[in-house]
Amino acid sequence: MHNPRSLVCPYNNCAKKFDKLIMLTDVTKIPRGTYYACPHCKCPVDIVVEDQNLLSIKPRGNGKEAPPMGCPFHFGYLAELKQISKDFPTPKECFACRQMTECLLNNLGLPTRPAK
């Protein structure tokens, strides 16, 4: 899969340009999940490919917001963790995050911000 043009991260609070996606493995899941990600914010992206050419990338799931810089997880991580088991403890890094509620509600189809 070769892409001659530069890509732009589809997440609003990243939106940085890059030439190649990276592949990350989420070792918190069983079985482990491997996904393409932005090399800057490390958020998962879905790719659109046609005839082995990368056409575009889009944010995975419903959100377009990347986690805050310095977050060791991806946006929606808490929602995924709680879907596996409600007994999994919330990582301590999440308690200081401004987007903790949005991260927990991601992928549940619920509004994360009040409608204006």
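The values are calculated or read from the model by the stated rules, or taken from the named source; none is laboratory data. On a predicted model such as this, the values are computed, not experimentally measured, just so you know. Don't worry about glycine lacking a Cβ; one is built from the backbone with ideal geometry, like all the others, and counts go over all protein chains shown.
A few remarks follow.
- Single condition K20 does not satisfy, out of (1) of a type outside the set (S, T, N, Q); (2) farther than 25 Å from R98 by Cα; (3) at pLDDT below 85; (4) assigned to a loop (DSSP other than H, G, I, E, B): (3)
- The C-beta contact set for region 18-44 (first residue at negative phi, second residue surrounded by fewer than 12 Cβ atoms within 10 Å (Cβ to Cβ) and assigned to a loop (DSSP other than H, G, I, E, B), distance under 6 angstrom, 6+ apart or interchain) comprises D19/S6; T25/R32.
- Region 23-39 - residue that is at pLDDT 85 or above and either charged (D, E, K, R) or assigned to a loop (DSSP other than H, G, I, E, B) (or both) and, of those, surrounded by the most Cβ atoms within 10 Å (Cβ to Cβ): C38
- Contacts under 6 angstrom Cβ, first residue in region 45-57 being outside any strand (DSSP E or B), partner surrounded by fewer than 13 Cβ atoms within 10 Å (Cβ to Cβ), 6 or more apart: Q52/M1
- Residue that is nearest to the chain's Cα centre (by Cα), among those in region 12-36 that are hydrophobic (A, V, I, L, M, F, W, C) and under 22 Å from K82 (Cα atoms): L24
- Positions within region 83-102 being in a helix (DSSP H, G or I), in contact with a helix residue (DSSP H, G or I) (Cβ under 8 Å, 6 or more places away or on another chain) and without any contact (Cβ under 8 Å) to a residue 12 or more places away in the chain, in sequence order: none
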